[in-house]
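Asker: Sharing a structure here in structure tokens format.
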Amino acid sequence: MRTGAAVREIFGFFFGLGRRTGRARTFTLIGLVPVALAVAARAFYHGRTGDMVAVSTEILMVIFLQFYIVLVTLFYGTSVTAEETENRTLAYLLTRPVPKTAIILGKFSAAAALTSAMVALGLGVSYFILNAGQMGDLAVYATFLRYLGVLVLGILAYTAFFTFLGTILKRAIILGLVFGFGWETAIQYFPGSTQRFSIVHYLKSLLPYQPGRGGGRGVALLLFRLEPTSPLLAVIALVAITAVFLALACVIFRAKEYLAED
């Protein structure tokens, strides 16, 4: 079977399977927690548009960018190969007439699509509750699409990195937790170019905030001490991170011998 057709087949199977799992329901519910916060904020700041915008950017993007996408991609990314080895189903998967590369690409695509759908649902409901009074303003929709685009780029980069970890480590989730909630949180406060050794730096560089110009939509809390990379270079960096770690995962998975006890 050709790689392209195999990727589509594996994607379809694991995407359909993933939607029905308890893990998907759990993470979807976690992603809807900001909806309750949005409803509460909407009631508290009723009639104050400027405050509504501040709440929508600060609360939603802090939760989704710093916590939610890291958590969900960690569990889905590391499980691309680990889930099969732990469930003793990898041997059956490898006996099928499909390239090993297609297994990684298909499962990665399914994981990224599932997590993107969860994020789009939670962010969309929360954001438009907070901005219900400005639905006639096209800028509201443009800002939402920009936020969603940043989060999807983050999902792709984090999922690729955690997929790579899952191919080389048996307990990849432990290192993933240290990276996602330790390194990625701490390094953003380091001065200079050190910040660029993180995924979150490039995501923050794409957020619609311009310090010192006053007003407008912004995420000042997220961008504290940020020394941003230009948007174009940030997108290139995120695409490169995704491609490199996904390619490494494919190469390692294709070369590695998985024994029955693995």
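Asker: Considering only the stretch 131-146, I want to know if a residue exists there that is of a type outside the set (Ser, Thr, Tyr), under 15 Å from Val33 (Cβ atoms), out of contact with any helix residue (DSSP H, G or I) (no Cβ under 7 Å at 6 or more places or on another chain) and at pLDDT 90 or above.
Answerer: As a first pass, look at the stretch 131-146 and keep what is of a type outside the set (Ser, Thr, Tyr): 131-140, 142, 144-146.
Remaining after also requiring under 15 Å from Val33 (Cβ atoms): none.
Looking for residues that are of a type outside the set (Ser, Thr, Tyr), under 15 Å from Val33 (Cβ atoms), out of contact with any helix residue (DSSP H, G or I) (no Cβ under 7 Å at 6 or more places or on another chain) and at pLDDT 90 or above, one finds none in the stretch 131-146, hence no.
Asker: Out of the residues in the stretch 194-208 meeting the condition of being over 17 Å from the mean Cα position of the chain (by Cα) and in contact (Cβ under 8 Å) with a residue 24 or more places away in the chain, tell me which one is surrounded by the most Cβ atoms within 10 Å (Cβ to Cβ).
Answerer: Ranking the qualifying residues of the stretch 194-208, first place goes to Gln195.
Asker: Now for a separate question. Select from the stretch 1-28 the residues that are among the polar types (S, T, N, Q) and in contact (Cβ under 8 Å) with a residue 12 or more places away in the chain and list them in ascending order.
Answerer: Step one: of the stretch 1-28, the residues among the polar types (S, T, N, Q) are 3, 21, 26, 28.
Hits for the stretch 1-28 are Thr3, Thr28.
Asker: Would you confirm whether any residue within the stretch 58-71 is at pLDDT below 70, part of a helix (DSSP H, G or I), among the hydroxyl-bearing types (Ser, Thr, Tyr) and crowded, with 19+ Cβ neighbours inside 10 Å?
Answerer: If we filter the stretch 58-71 for residues that are at pLDDT below 70, which is where we start, we get none.
Taking every residue of the stretch 58-71 in turn, none turns out to be at pLDDT below 70, part of a helix (DSSP H, G or I), among the hydroxyl-bearing types (Ser, Thr, Tyr) and crowded, with 19+ Cβ neighbours inside 10 Å.
Asker: Right, another one. Name the single residue that is surrounded by the fewest Cβ atoms within 10 Å (Cβ to Cβ) among those in the stretch 87-112 being part of a loop (DSSP other than H, G, I, E, B) and at pLDDT 65 or above. Write out each step before concluding.
Answerer: To start, the set of residues in the stretch 87-112 that are part of a loop (DSSP other than H, G, I, E, B) comprises 87-89, 95-99.
Keeping just the survivors that are at pLDDT 65 or above gives 95-99.
Details: Thr95: 8, Arg96: 12, Pro97: 6, Val98: 19, Pro99: 15.
So, considering only residues that are part of a loop (DSSP other than H, G, I, E, B) and at pLDDT 65 or above, the one surrounded by the fewest Cβ atoms within 10 Å (Cβ to Cβ) is Pro97.
Asker: Counting just the residues of the stretch 163-186 that are aromatic (Phe, Trp, Tyr) and touching a residue at least 24 places away in the same chain (Cβ under 8 Å), which one comes out surrounded by the fewest Cβ atoms within 10 Å (Cβ to Cβ)? Reasoning before the result, please.
Answerer: Pass one, the stretch 163-186, residues aromatic (Phe, Trp, Tyr): 164, 179, 181, 183.
Of the ones still in play, those that are also touching a residue at least 24 places away in the same chain (Cβ under 8 Å) are 164, 181.
Values: Phe164: 26, Phe181: 15.
Once the filter is applied, the top-ranked residue is Phe181.
Asker: Related question: Tell me which residues, restricted to the stretch 132-151, are within 27 Å of Lys107 (Cβ to Cβ) and either basic (Lys, Arg) or surrounded by fewer than 17 Cβ atoms within 10 Å (Cβ to Cβ) (or both).
Answerer: Selection gives Gly149 alone.
The values are calculated or read from the model by the stated rules, or taken from the named source; none is laboratory data. Keep in mind that this is a model prediction, so the values were computed, not measured. Every residue, glycine among them, receives a Cβ derived from its backbone with ideal geometry; neighbour counts consider all protein chains shown.
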